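Some notes on the structure that comes next.
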Amino acid sequence: MIETQKILKGFTIAEARWARFGPYYAMFPLEFAFDVVEKFSKEGDYILDPFAGRCSSIFAGGVLGRNSLGIEINPVGWLYGSVKLEPADKEEVTDRLLEIYGKRNYYSRAVERMPEFFRICYCDEVLKFLLAARTHLDWKKNNVDATLISIILIYLHAKLGEGLSNQMRMTKSMGMNYSVKWWKKNKMKTPPEINPCDFILKKIDWRYEKGKPTITESAVVFGDSANELKTISERAIKNDIKFSLLFTSPPYCSITDYHADQWLRLWLLGGEANGNSLKEKYKGRFINKQEYHDLLDNVFGLCSKVMKRKSTVYVRTDKREFTFNTTLDILKKYFPKHNVQVIDKPLKKDTKTQTKLYGDKSMKPGEVDIILTRE
Ligand SMILES: C[S@@+](CC[C@H](N)C(=O)[O-])C[C@H]1O[C@@H](n2cnc3c(N)ncnc32)[C@H](O)[C@@H]1O
């Protein structure tokens, strides 16, 4: 069995390199994910995360010998999760990169028609390559393509010199107009000249340097938990499988818009070139309180059907009143015989939250862990 410390400290083994795969807004700290899995489950147990994000919970479970199953509606989180659980072979990913790079010159004219944002964000060579990748990589169906596009996604925007873009935040895509104004004001109107093929080749080399992670059979489903859990629960019942640990963090009511905040990565995956909130269900900011309640009620209700009698439910959520009370009431409703423990996770004064790092200095109310156990 792998020593957790080797994963949490440094990059000396494959599991450590892949554990951090994919910057994602509101991701679990790695140490927390491993800690909860170790404390509340044992080898061979089944773990479920219906709001999996970049799959830290599922990956920790898989590395520690648990069978883990996640569900994620955002393609960016799903790709990071599914690829870190099962990356394609390095040689195939490298060959595919060279193939895509070879197609870039078909996009020379298309680059000229791209909005100003893209022309300042990326040099022509990068933009041609991104357009070729966007057109040809079949990331939903093909694991080699999924692995390659996930690696490109990671470096799509970052601090100057660390990614393919002009100066940008890494976890969150900024708006088009905001970025253009910001670059102009800060005299950064010229994108960095980068050879995208050499750049991504180096990143592939580093990621695979220690090999691929060893994971106990685990997976992440791409879709809406409110739908997917119905099929999952039918299959679980048919195969006599019950989950021991429900370990998740749902979206927080009205706080984050996982789709708008990832608009540039979603553009690479074929989406619109704008940062607008999506109108589809569960792809916006979760502003409607009734809809938010119904989503949690539906999902936790369906989860409760596949959990063992003596299961543990571990939910990290927002401390703000509505999200916290809604979550707590729903969990108590579906796990009425469990003992409930609530642990406050106040932010330390000097905690660098992602929003704080980007200039938001207001104190956040922090998070809370709701833990339900049954003797
Ligand atoms: C707080 S984040 C989870 C972060 C995760 N713990 C991690 O470490 O990356 C909540 C996630 O729930 C996802 N989500 C929201 N509604 C969903 C739904 N109906 N079905 C599946 N996933 C959903 C969001 O896209 C977001 O990635």
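All of the numbers you see were taken from the coordinates with simple rules; none came from a lab. Computed from a predicted structure; not experimentally measured. Cβ coordinates were reconstructed from backbone atoms using ideal geometry, including for glycine residues, and neighbour counts include every protein chain displayed.
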Dipole magnitude of segment 90-208, debye to nearest 20 (Cβ charges: Lys/Arg +1, Asp/Glu -1, about Cα centre):
680
If I take all pairs of Cα atoms in the chain, what percentage of them are more than 38 Å from each other?
19
Projected onto their principal axes, the Cα atoms of segment 76-186 stretch, largest extent first, over whole-Å spans of 43, 30, 22
Any of LYS42/LYS242; LYS159/LYS189; LYS39/LYS210; LYS319/LYS345; LYS9/LYS159 with alpha carbons more than 18 Å apart? Name them for me.
LYS39/LYS210; LYS9/LYS159
Apply the a/c threshold of 1.5 to the C-alpha gyration tensor of segment 1-75 and tell me whether it is rounded, prolate or oblate.
oblate
Most mobile of PRO87, PRO115, PRO213 in a GNM of the chain (Cα contacts under 10 Å)
PRO115
Cα-only radius of gyration and Dmax that characterise segment 56-133, units Å:
17.5, 51
Dipole of the chain (Lys/Arg Cβ +1, Asp/Glu Cβ -1, origin at the Cα centre): which of SER150, PRO115, ALA60 lies farthest to the positive side?
PRO115
Output needed: percent of Cα pairs per 10 Å distance bin for segment 145-239, bins running from 0 to the one holding the longest distance.
12, 29, 24, 20, 11, 3, 0
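Relative contact order for segment 90-208: what percent, with Cα pairs under 8 Å and sequence separation of 6 or more?
On the way: 144 pairs, mean separation 35.7, N = 119.
It comes to 30 percent, rounded to a whole number.
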Take peptides 181-189, 150-158 and line them up by average Cβ neighbours within 10 Å, highest first, as a rough protection proxy.
150-158, 181-189
Counting each DSSP H run of 4 or more residues in the chain as -39500 (n - 2.57), what helix-only mean residue ellipticity at 222 nm follows after dividing by all residues, to the nearest 500 deg cm²/dmol?
-13000 deg cm²/dmol
Which residue, chosen from THR323, LEU296, PHE222, occupies the Cα position most advanced towards the positive end of the dipole of the chain, where the dipole is computed from +1 (Lys, Arg) and -1 (Asp, Glu) charges on Cβ about the Cα centre?
THR323
So for segment 90-208, taking the charge dipole from beta-carbon charges (+1 Lys/Arg, -1 Asp/Glu), which of LEU160, PRO196, TYR106 sits furthest toward the positive end?
LEU160
What dipole magnitude, in Debye to the nearest 20, does the chain give about its Cα centre under +1 on Lys/Arg Cβ and -1 on Asp/Glu Cβ?
900
